[in-house]
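Have a look at the structure below before the remarks.
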Amino acid sequence: MNHKFKILLAVLASWFILFLILDWWRSFPKIKITTLKKTESVQDKIDSVLLASISAYTLPGLALGVVQDGKIIYQKGFGFQSLSPADSFSTDSKFPSASISKLFTSLAAAHYWSSKGIAPQDLLAMVKISNDPQSELEQLSISDFLLHQTGLKDPGIIQRIFSSGKELKLKEYGEKIWRSNFQKPDSLTKEYSDANFDVLGYLIQEDSGVPFEEYLKEQILIPAGMEHSFFATQWPYESNTMTGYQETFVWKRIEPRRLTFKTVPSPSSGLVSTIHDFNLFLIHLSRGKMGIFQNELEWLSPFESSVPFGFQKISLNDQTWIGHYGGQAGYSSLLIFSPETKTGLILLANSRDTKDFRKHISSQVLQVLSPKNQKK
């Protein structure tokens, strides 16, 4: 018995040593960037925050954009968008923005259904595809989906482990959800799920007869000036050079993480964009009722709510912002804006956020931008 126990310990020790070797072998050392010596201007101070954050949070790359009073006042990238081969992170680097995509799908939903005379409180029975079978989803309203209060759930960890990993076309996914044995919950409480926005994207596509990615490009992206942005129909796409990362389990190093989409295009998380394009988008959002999305934002705010349907309320530095967090595989993002202060911020990092660095970095940048600090 003692001999068998020793053998077991030896096997476990061998596996652990092998794990440590592999963890080191497939990872990269943390990025080392020299910080600025002079931080006199606002731009220098923001540079300093970003450079220090790359080291503090073990990030491979980081990019930030800021707009104020209808102008881009800052946009820069530091570090690398890929470590093998080494490729710098720039303001033109194409980045999968994860759940920030939901803001664009919300605007697309508002644009499409407002043109049909349909309100966000109207039931899906009014907008369902005519040749689809009956579904209890018809008893839910468009706003239920925008507010994540439908009862739909994303696959759990066990389901993801044993899934085929095959990407479904949006039409296939939408039909599968619509024809599933969905049971409307007695109480419509909020439960965050990508499925809500993927279903909305499916309905827009099938009812309009235009592929979702094309509809959103023509009605939202191009009007906003986002010429280099798109909803991915495959990943990785041709000429893709962006890679997502995370800290290793043992060593203070960085390892790549594989990004997959369960649907393509994915209305909930499939937008690929750049810092520069996001800045152009933020100029319109920060203008509020003076921006090009006035009608869409009003449709998404039927009760004059401070936060439109599909958007998140985010508190930073004792201020309330409107926007959305994004996080998927080895990518993290944050977009916020305030029509009151005419300010907007977009943060992109090709690293999984396990330390809440999006919030900490954004808070530091907003402190730099504070009029009180700029007067010093």
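Bear in mind these aren't lab numbers, they're just calculated from the coordinates by the rules spelled out. Keep in mind it's a predicted model, so treat the numbers as computed, not measured. Quick reminder, even Gly has a Cβ in these numbers, built from the backbone with ideal geometry, and neighbours come from all protein chains shown.
What does the helix-only formula give at 222 nm for the chain: each DSSP H stretch with n ≥ 4 adding -39500 (n - 2.57), the total divided by the residues, and the result rounded to the nearest 500 deg cm²/dmol?
Estimated from H runs of four or more residues: -10500 deg cm²/dmol.
Among Lys169/Lys262; Lys102/Lys262; Lys94/Lys217; Lys262/Lys359; Lys190/Lys359, which pairs are too far apart, with a Cα-Cα distance over 19 Å?
Lys262/Lys359; Lys190/Lys359
So what's the gap between the Cα centers of the stretch 190-254 and the stretch 55-99, to the nearest angstrom?
After rounding, the separation between the Cα centres reads 18 Å.
Looking at the stretch 259-338, which GluC sites (Glu not before Pro) are in a loop (DSSP not H, G, I, E or B) and have at most 16 other Cβ atoms within 10 Å?
Working: sites: Glu296, Glu298, Glu304; in loops: Glu304.
Of the GluC sites (Glu not before Pro), the ones in loops of the stretch 259-338 whose Cβ has at most 16 other Cβ atoms within 10 Å are Glu304.
Across every pair of different alpha-carbon atoms, what Kirkwood hydrodynamic radius in Å does the chain reach?
Computed over Cα pairs of the chain, the Kirkwood hydrodynamic radius comes out at 22.2 Å.
Can you run the Rg to Rh ratio on the stretch 150-277? Use alpha carbon positions and the Kirkwood inverse-distance Rh.
1.01
What net charge is computed for the residues neighbouring Ser208, neighbours being all others with C-beta under 11 Å from the C-beta of Ser208, Lys and Arg scored +1, Asp and Glu -1?
Combined, the nearby Lys, Arg, Asp and Glu give -3.
Just add up the charged neighbours of Trp321: K/R +1, D/E -1, any other residue whose Cβ is under 13 Å from the Cβ of Trp321.
Net local charge, Trp321 excluded: +2.
Restricting to DSSP loop positions (anything but H, G, I, E, B) with no more than 16 other Cβ atoms inside 10 Å of their own Cβ, which GluC sites (Glu not before Pro) remain in the stretch 172-246?
Answer by residue number: Glu191, Glu227, Glu238.
May I ask you to list the trypsin sites (Lys or Arg not before Pro) in the stretch 269-355 that are in a DSSP loop and have at most 15 other Cβ atoms within 10 Å of their Cβ?
Listed in order of number, the matching sites are Lys355.
Fewest Cβ neighbours within 10 Å first, please rank His228, His148, His284, His3 accordingly.
Lowest count first: His3, His228, His148, His284.
Work out the length of the dipole vector of the chain about its Cα centre, built from +1 on the beta-carbon of each Lys and Arg and -1 on the beta-carbon of each Asp and Glu, and round it to the nearest 20 debye.
Charge dipole, the chain, about its Cα centre: 1700 debye, nearest 20.
In straight Cα distance, which aspartates and glutamates are under 15 Å from Lys176, not counting same-chain residues fewer than 8 positions off?
Asp132, Glu136, Glu138, Asp154, Glu167, Asp194, Asp198, Glu206
Taking amide H atoms as placed 1.01 Å from N in the peptide plane, list the residues 5 or more away in sequence, or in a different chain, whose amide H sits under 5 Å from that of Arg253.
Thr248
Please give me the summed charge of the neighbours of Tyr57: other residues whose Cβ is under 9 Å from its Cβ, Lys and Arg +1, Asp and Glu -1.
-1
What number, in percent, do you get for the relative contact order of the chain if the mean sequence gap of Cα pairs under 8 Å and at least 6 apart is divided by its residue count?
25
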